[in-house]
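Following: one structure in structure tokens, then a few remarks.
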Amino acid sequence: MEKLNFSSIDFIGIGGIGMSALARWALNKGLTVSGYDKVKSSITKALEKEGAKIRYQSENIQINTAADKIFVYTPAIPLNNPEILEIKKKKFKLIKRAELLSRIANQGKSIAIAGTHGKTTTSCLTAWILINSGLSVNGFFGGVSNNFKSNYVFGTENITILEADEFDRSFLYLKPDYSLITSTDPDHLDYYKTKSELEMAFRNFAQKSKKCVIHDQIKSIDGESYSLSNKKFGAEEIINKNGSQYFNLILDGIKYKNIRPGVLGEHNIENAIGAAVIAFQLGISPKDIINGIESFKGVKRRFEIHVNNESNIFIDDYAHHPTELNKLINSVKDIFPERPIAMLFQPHLFSRTNEFFSEFIEILSQVDTLGVLPIFGAREDPIEGVNSQKITSCIPKSEFVPFQDGPKWLCKVKNHIYITAGAGDIDRLVPSIIENLNQSKK
């Protein structure tokens, strides 16, 4: 077991969803926690209330040089950031977020959920099944679990569940006892350059795992497989009825009938199957697995239904890749077939928009009314000729929508299923959309 020989941690980019989970772990351990972020947010405000000291301007870092203090940074922060440059100049201990996560996971048994889609929901559900069955586990998530009301859950046993992030090969720091790979669809090609390079990284990750569970579509990696159609770990007879779903769960070839999952969408049923395989391998009973699936409340911004009444249905989702958008749209059509779809979409990253442009056009053309916000560039500089207007010029019944006009634009469309989708800051518009839709009901 690796020793964690530090008593103070400073997180560069502490407001990120993954970094804030680590900050909460450190606070729970009684460590001194500080950090930097560009702007205040709901996450940083919550961390300050929990005991973290956060700075919001890049200035000379006024800290002591204690040997037991480390600095942790996220790939979302560029290496030329003044904070990181100052830390390097003063020769303080600086490590990547993934390295700290691996050192925590190495304290005991670890379960790592990887894949270009579905890993947040799957990791949260896996943790919920284990905890609901009586285990006490640590969990680090890339989203806020509605069951735990947090992106981190503290456990007393040496079992850690975490997301294994493929971006910049961060997941290769991990050596999990159990791993699950949901998908190796091309993504982050600004970093990996080719699909084969991405797949090689996933193979390397799987080789570091003692046991690996994989989706059926992944042919280049060995392990226990699952999917909706798998006869050993799969699902049958998915039924949509009155806004709910039911299915038969197949565990180790045995059928368990009429499962009513707590979250909707066939893609979430598939996530549930993956989580069930991991739980089954850990010795959790089928009864406890099913109870966990049915009592799972989902994750913020993952097929999150904010309004559901006779007048309006509004769903917010993190989907930002063509595959995710396709699953989102198809799930909405399956569950709510009686109404057309109005979607407000925020593209995420110029490189992703450019790389998958034709796929975005094909998938987004499925919705009946489409509004496209400006591209959320995040860590990237703009690419000439790549913008939201290029998308709308290729899709009938679509238009470019300035960010601040998003709620008004979406709510002016009547008698539709309303969807917001994207991985940027589109969720800032959600409260206003909810308010407008509730007012339109009156």
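If we only count strands (runs of 3 or more DSSP E) wholly inside segment 81-198, which ones have 3 or more residues that are at positive phi?
Hits in segment 81-198: none.
Does ASN268 qualify as being over 13 Å from ILE181 (Cα atoms), out of contact with any strand residue (DSSP E or B) (no Cβ under 6 Å at 6 or more places or on another chain), among the polar types (S, T, N, Q) and assigned to a helix (DSSP H, G or I)?
Yes: the conditions hold for ASN268.
Read through the list (1) surrounded by 15 or more Cβ atoms within 10 Å (Cβ to Cβ); (2) within 20 Å of SER295 (Cα to Cα), then give the number of the only condition that ARG260 fails.
Looking at each condition in turn, ARG260 falls short on (1).
Within segment 324-350, count every residue that is over 24 Å from GLN389 (Cβ atoms) and touching a His at 6+ places or on another chain (Cβ under 9 Å).
Number satisfying all stated conditions: 4.
Taking the residues in segment 364-375 that are of a type outside the set (Ser, Thr, Tyr) and out of contact with any Phe, Trp or Tyr (no Cβ under 9 Å at 6 or more places or on another chain) as candidates, determine which candidate is surrounded by the most Cβ atoms within 10 Å (Cβ to Cβ).
Out of the qualifying residues, it is GLN366.
Give just the number: which of (1) closer than 21 Å to ASN312 by Cα; (2) of a type outside the set (A, V, I, L, M, F, W, C); (3) outside any loop (DSSP other than H, G, I, E, B) does GLN366 not satisfy?
Unmet for GLN366, out of (1) closer than 21 Å to ASN312 by Cα; (2) of a type outside the set (A, V, I, L, M, F, W, C); (3) outside any loop (DSSP other than H, G, I, E, B): (3).
Using the structure shown, decide if GLU310 is part of a helix (DSSP H, G or I) and surrounded by fewer than 20 Cβ atoms within 10 Å (Cβ to Cβ).
Considered against the rule, which asks whether it is part of a helix (DSSP H, G or I) and surrounded by fewer than 20 Cβ atoms within 10 Å (Cβ to Cβ), GLU310 comes out as no.
Determine which member of the set VAL213, VAL263 is out of contact with any strand residue (DSSP E or B) (no Cβ under 7 Å at 6 or more places or on another chain), among the hydrophobic types (A, V, I, L, M, F, W, C) and touching a residue at least 12 places away in the same chain (Cβ under 8 Å).
None of the other options fit; the residue is VAL263.
Here are ASP252, ASP216: which of them is of a type in the set (Asp, Glu) and closer than 22 Å to SER331 by Cα?
ASP216
Within segment 51-78, take every residue that is within 30 Å of SER179 (Cα to Cα) and not aromatic (Phe, Trp, Tyr) and give me the one that is modelled with the highest pLDDT.
VAL72
Give me the residue from segment 378-391 that is modelled with pLDDT of 95 or more and not hydrophobic (A, V, I, L, M, F, W, C) and, out of that set, surrounded by the most Cβ atoms within 10 Å (Cβ to Cβ).
In this case the residue turns out to be SER388.
Would you confirm, using the coordinates I've provided, whether ALA319 is among the small types (Gly, Ala, Ser), outside the structural domain of ASP185 (by TED's automatic domain parsing) and part of a strand (DSSP E or B)?
Spelling it out, it is not the case that ALA319 is among the small types (Gly, Ala, Ser), outside the structural domain of ASP185 (by TED's automatic domain parsing) and part of a strand (DSSP E or B).
When residues of segment 333-363 are filtered for being out of contact with any helix residue (DSSP H, G or I) (no Cβ under 7 Å at 6 or more places or on another chain), crowded, with 23+ Cβ neighbours inside 10 Å and under 17 Å from HIS416 (Cβ atoms), how many remain?
Adding up the residues that qualify gives 1.
Let me confirm something: among THR121, THR126, which residue is in contact with a Leu (Cβ under 9 Å, 6 or more places away or on another chain), modelled with pLDDT of 95 or more, polar (S, T, N, Q) and not assigned by TED's automatic domain parsing to the domain that holds TYR318?
None of the others qualify; the one that does is THR126.
When LYS287 is evaluated against the numbered criteria (1) part of a helix (DSSP H, G or I); (2) surrounded by fewer than 21 Cβ atoms within 10 Å (Cβ to Cβ); (3) under 20 Å from the mean Cα position of the chain (by Cα), which criterion, by number, is the only one it fails?
Condition (3) is where LYS287 drops out.
If GLU83 satisfies all but one of (1) surrounded by fewer than 19 Cβ atoms within 10 Å (Cβ to Cβ); (2) in contact (Cβ under 8 Å) with a residue 60 or more places away in the chain; (3) of a type in the set (Asp, Glu), what's the number of the condition it fails?
(1)
The values are calculated or read from the model by the stated rules, or taken from the named source; none is laboratory data. This one's a predicted model, so the numbers in the text were calculated from it and none came from an experiment. A quick note on method: Cβ atoms are made from the backbone with ideal geometry, for glycine too, and the neighbour counts reach across all protein chains shown.
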